[in-house]
Structure formats: structure tokens, C-alpha cells
Ligand SMILES: [Fe+2]
Ligand SMILES: [Fe+2]
């Protein structure tokens, strides 16, 4: 299970025993682990391939097509990456997939884009909740929210429109560089101060 036997490890058994040296080891390991995030995201996105769930296209194609539509419509890179990952939570969060995707994106995107991804499932329900015995107007409770129109537009132009097997769908490799750039450095994180300090130190020693 553990393929990292040779790496230095902290010595504590309970965190209350942790020393500065322990946390230096952990901090150093984190840098490499964090850099590999885009690779793990891509691997996870690929899990959506081949799983249609009854929809006209598989979940990966839907994500790629949503991103393609947003990109072709002139949306910026961060928005396109949100479009690409908006349904990445389908596998682990079938009951709250929008929350999973939003949590993954939150450190790297604007509050507006995060809100849009987090609420897209309720907004998308406008198109089908009536068929499930739910209220298609559920999103109306957010009518006065500053991101209401943004999220309506995301669903209308990209998400709801991305179920066409005949429509142009750019490959994952096209979006990979964008994903890597957007996820290169968090804008918001509990650990942001520490990460900024580490980066400064790296620059000084380089
Ligand atoms: Fe969704
Ligand atoms: Fe979707």
C-alpha cells in the first residue's frame, strides 16, 4: 500500500508530540504532493469516461463539451476550467456532485465562479426537475444573488447544451494546460500565508 518507504517521516504518534522538525518534513513533502494535484484531477476526470448514466453522452464527453462551448464562446481560462470540472463530483458525490466540484475549485477561482459551480445543479434543475416531481423554479430563491444571472447563463449556454453526440467536443489534452495553469497556485486557502512564505524562500535561495 505504501510506496514511499524511503521518505523521511515525522516521529509523532499523537499530534500533540509534533515538533518543528516533524512539521518541516511534512511541509517539504506537501510541496511535491500539491504540484501533482492537476494529475490527480485529470485521472479522476477520466473516471467519467464511458459512464452515460442514461444521458445521451458519457459524463466525460459532457464535461468536455461544456468546456468547449464556454471556450468557443470566449469565456476566460478560469471559467473554462470550471466548466470542465463542474461535474467531476459525479463519481464521489452522486447526491451532492456540485458541492464536490466546487470544493475542489474553491482555492483556485473567483468567488463568482465558485458560487456558479456550487449552485449549478439547482439552476440546471430548471430544465428537468418537473420530470422528477421537483420544483423547476427552485433556483428562484437565489434571484437576488449577484451570481444568479451568471449561473443561469452557465446552464443555458453551456451545461444544459452539452449533451449532443454530434457537437464539437475538444479533447481533454486541449484543456490540460489550462487546468495546470489555473491550479498552479491557490488564491484562497487556510494555508495561503505559509505557502506564500515557502515560495518567497524558494525564490531567495534560487
Ligand atoms: Fe452537474
Ligand atoms: Fe453538467
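The values are calculated or read from the model by the stated rules, or taken from the named source; none is laboratory data. If you're wondering where the values come from, they're calculated on a predicted model, not measured in any experiment. Backbone-built Cβ (ideal geometry, glycine too); neighbour counts: all protein chains shown.
Would you call residue 163 closer than 19 Å to residue 109 by Cβ and either touching a helix residue (DSSP H, G or I) at 6+ places or on another chain (Cβ under 6 Å) or not in a helix (DSSP H, G or I) (or both)? No.
Picking from residues in the range 111-134 that are surrounded by fewer than 16 Cβ atoms within 10 Å (Cβ to Cβ) and within 16 Å of residue 153 (Cβ to Cβ), the one that is farthest from ligand 1 (Cβ to nearest atom) is 112. Scanning the range 127-151 for residues that are farther than 18 Å from residue 62 by Cα, part of a helix (DSSP H, G or I) and in contact (Cβ under 8 Å) with a residue 12 or more places away in the chain gives 138, 139, 142, 150. Scanning the range 136-147 for residues that are surrounded by 14 or more Cβ atoms within 10 Å (Cβ to Cβ) and closer than 26 Å to residue 55 by Cα gives 136, 138, 139. Among residues of the range 175-194 being free of Cβ contacts under 8 Å to residues at least 24 places away in the same chain and part of a helix (DSSP H, G or I), the one that is surrounded by the most Cβ atoms within 10 Å (Cβ to Cβ) is 192. Can you confirm whether residue 85 is modelled with pLDDT of 95 or more and either over 13 Å from the mean Cα position of the chain (by Cα) or within 14 Å of ligand 2 (Cβ to nearest atom) (or both)? Spelling it out, residue 85 is indeed modelled with pLDDT of 95 or more and either over 13 Å from the mean Cα position of the chain (by Cα) or within 14 Å of ligand 2 (Cβ to nearest atom) (or both).
Considering the range 58-91, and only residues there that are surrounded by fewer than 22 Cβ atoms within 10 Å (Cβ to Cβ) and not in a helix (DSSP H, G or I), the residue that is farthest from ligand 1 (Cβ to nearest atom) turns out to be 74.
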